[in-house]
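Accompanying notes for the structure given below.
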Amino acid sequence: MKQTYDVNVKEFKPLTSPALIKEELPITEQVAQTVIDGRKDVENILRGNDKRLLVIAGPCSIHDSDAALEYAEKMTALREEVKDKINLIMRVYFEKPRTTVGWKGMINDPDLDASYNVDKGLRNARSLLIKINGMGLPTATEILDPITPQYIAGL
């Protein structure tokens, strides 16, 4: 009998479980507090209880962790400078929603070479979000894939 499923699948590469990656890359109390406070601030602004302007700004998509950390350092300083009037949050996108051909983003192809090491990409994304939140800078991202939130949504 001829196979009727997975006929265009070249290979399967199992992903490390979200629980194992979270164990490998745990968050600290400081990181958790940044996330919690950041979410509370956004909620208060959206409800009208905080009159500051909410600004989510950052690169179109992350492809270089070192450059993203440099950007985050500058944004952290600016966040402190404008904190009375603006709640500044760093946009950290790892996936490219409008790309149909070409590079799909750091999670899908972290080495920018079509090797599609998603396991590495998920680790890189989680690690970067931990470092940025560790600076006291809340992050915002757009999650496109239904698997990704299990790895990074807590950040």
Discussion item. I'd like to compare 68-81, 18-31: which one has the highest average count of other Cβ atoms within 10 Å, and what's the full order after that?
Written reply: 68-81, 18-31
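Rounding to the nearest 20 debye, state how big the charge dipole of the stretch 3-107 is about its Cα centre with +1 on each Lys and Arg Cβ and -1 on each Asp and Glu Cβ.
Values: 16 positive and 17 negative charges, 108 e Å.
I would put it at about 520 debye.
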Worksheet item: Of Ile86, Ala125, Thr76, which is farthest along the charge dipole of the stretch 53-125 in the positive direction, counting Lys and Arg as +1 and Asp and Glu as -1 at C-beta?
Response: Ile86
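Show that you can apply the helix-only estimate: for the chain, add -39,500 (n - 2.57) for every DSSP H stretch of four or more residues, divide by all residues, and state [θ] at 222 nm to the nearest 500.
Mean residue ellipticity at 222 nm (helix-derived): -13500 deg cm²/dmol.
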Fill in: Accessible surface, per residue, of the stretch 21-119 when the full set of protein chains is kept, probe 1.4 Å, Å²
63
Worksheet entry | Using a Förster distance of 30 Å, the FRET efficiency for Leu78-Ile147 (Cβ separation, nearest 0.05) | 0.35
Worksheet entry | Relative contact order, percent, the stretch 16-117 [alpha-carbon distance under 8 Å, six or more residues apart] | 23
Fill in: Count of Lys pairs (Cα-Cα under 22 Å; at least 8 positions apart or interchain) in the chain
24
Practice prompt. Sketch the reach of a paramagnetic label on Lys51 as a point 7 Å from Cα along Cα-to-Cβ, and name the residues of the stretch 71-89 whose backbone nitrogen lies under 15 Å away.
Written response: 84-87
Worksheet item: Ignoring ligands, DNA and RNA, what percent of the 1.4 Å accessible area of the chain is carbon and sulfur?
Response: 54
Discussion item. Need the C-alpha centroid separation for the stretch 110-145 versus the stretch 3-81, integer Å.
Written reply: 7
Practice prompt. Give, as ranges by residue number, the residues of the stretch 107-149 whose backbone N falls under 12 Å from the point 7 Å along Cα→Cβ of Cys60.
Written response: none
Worksheet item: With a ≥ b ≥ c the root eigenvalues of the C-alpha gyration tensor of the stretch 115-155, is it rounded (a/c under 1.5), prolate (a/b larger than b/c) or oblate?
Response: oblate
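The values are calculated or read from the model by the stated rules, or taken from the named source; none is laboratory data. In this text, all values refer to a predicted model and were calculated from it rather than measured experimentally. All Cβ positions, glycine included, derive from the backbone under ideal geometry; neighbour counts span all protein chains shown. What goes into the accessible areas is simple: the full protein's heavy atoms, side chains included, and nothing from ligands, DNA or RNA. Shrake-Rupley method; radii C 1.70, N 1.55, O 1.52, S 1.80 Å.
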